[in-house]
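The values are calculated or read from the model by the stated rules, or taken from the named source; none is laboratory data. What you see is a predicted model, and the numbers here were worked out from it, not measured in a lab. Backbone-built Cβ (ideal geometry, glycine too); neighbour counts: all protein chains shown. To get the accessible areas, we keep the full protein, side chains included, count just its heavy atoms, and leave off ligands, DNA and RNA. Shrake-Rupley method; radii C 1.70, N 1.55, O 1.52, S 1.80 Å.
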Amino acid sequence: MSQRDKNRARTRRDIETAALEMFETQGYHATTVDQITRLAGCSNATFFRHFRSKEDVLFANDDAAARELARFVDERVDRAHTLGALAEPFAAYATSLLVEATSDAQRLTRLVMTTPDLEARSLRMRLKWEHAVSRTLASESDSDRTSFDDVLLASLAVSCLSTALWRWQEVDISDDVGTLTKAAFESAVRLGSR
């Protein structure tokens, strides 16, 4: 990385850290971009060079994240179109998503999962994951259109991931997110066989 890129990345991290601190301290809704930039030590113009809105601080890479999840599904070993076959790639994705599973990652996940003002954006993220996975499953069947089963399977798998993330963000949980994701899939398969 060039020095300019390093400075840019550091500024972006400073903004993300300041935003997370403000959101936790006084709530997402009550926090303004002015407050975030003051704490981060940058201008509003700098903030808007990195993010379109304060919401985007939390969802900056949602398109890339959906593509990455689809890649994990596409590269899986078990090629069956079953919920159980998606457990491993989803768990690997969850682990990679939070590869540096610091307290910040857990705090950010908690904020997204528990803030009513973020529900619509969180649901859009889920839909992006579902669309990316269902298109990947359809392509494995040499189809250019997703089937009912592709969409349903993708939706169930994303629900397992969301359930694992919900559980992982709780303060008293010591299990890693990959283990929780596998457990969610196991429970879903078990419940579906009743």
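Summary table
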| item | result |
| --- | --- |
| Cα gyration tensor category, rounded, prolate or oblate, for the range 40-106 with a/c compared to 1.5 | prolate |
| The chain - percent of accessible surface contributed by carbon and sulfur, probe 1.4 Å | 52 percent |
| Highest-fluctuation residue, Ala85, Ala30, Ala94 considered, GNM on the chain with Cα pairs under 10 Å | Ala30 |
| Debye intensity ratio I(q)/I(0), log10, the chain, q values 0.11, 0.18, 0.19 Å⁻¹ (C-alpha model) | -0.56, -1.20, -1.28 |
| Computed FRET value (nearest 0.05) for Arg190 with Asp62, which takes r as the C-beta separation and R₀ as 30 Å | 0.45 |
| The chain: angle of helix 119-140 to the longest principal axis, Cα-based, in degrees nearest 10 | 40 degrees |
| Glu140-Arg167 FRET efficiency (beta carbon distance; Förster radius 22 Å; 0.05 resolution) | 0.15 |
| Average accessible area per residue (Å²) across the range 5-113 - probe 1.4 Å, nucleic acids and ligands excluded | 53 Å² |
| DSSP loop GluC sites (Glu not before Pro) with at most 16 other Cβ within 10 Å: longest gap in the chain | 1-74 |
| Degrees, to the nearest 10: 3-26 long Cα axis against longest axis of the chain | 90 degrees |
| FRET efficiency, 1/(1 + (r/R0)^6) with R0 41 Å, evaluated for Ser159 and Arg4 via beta carbons | 0.45 |
| Neighbour cut-off at most 10 other Cβ (10 Å), DSSP loop, trypsin sites (Lys or Arg not before Pro), the range 83-177 | Arg145 |
| Helix 83-97 axis, angle to the chain major axis (alpha carbon atoms, nearest 10°) | 20 degrees |
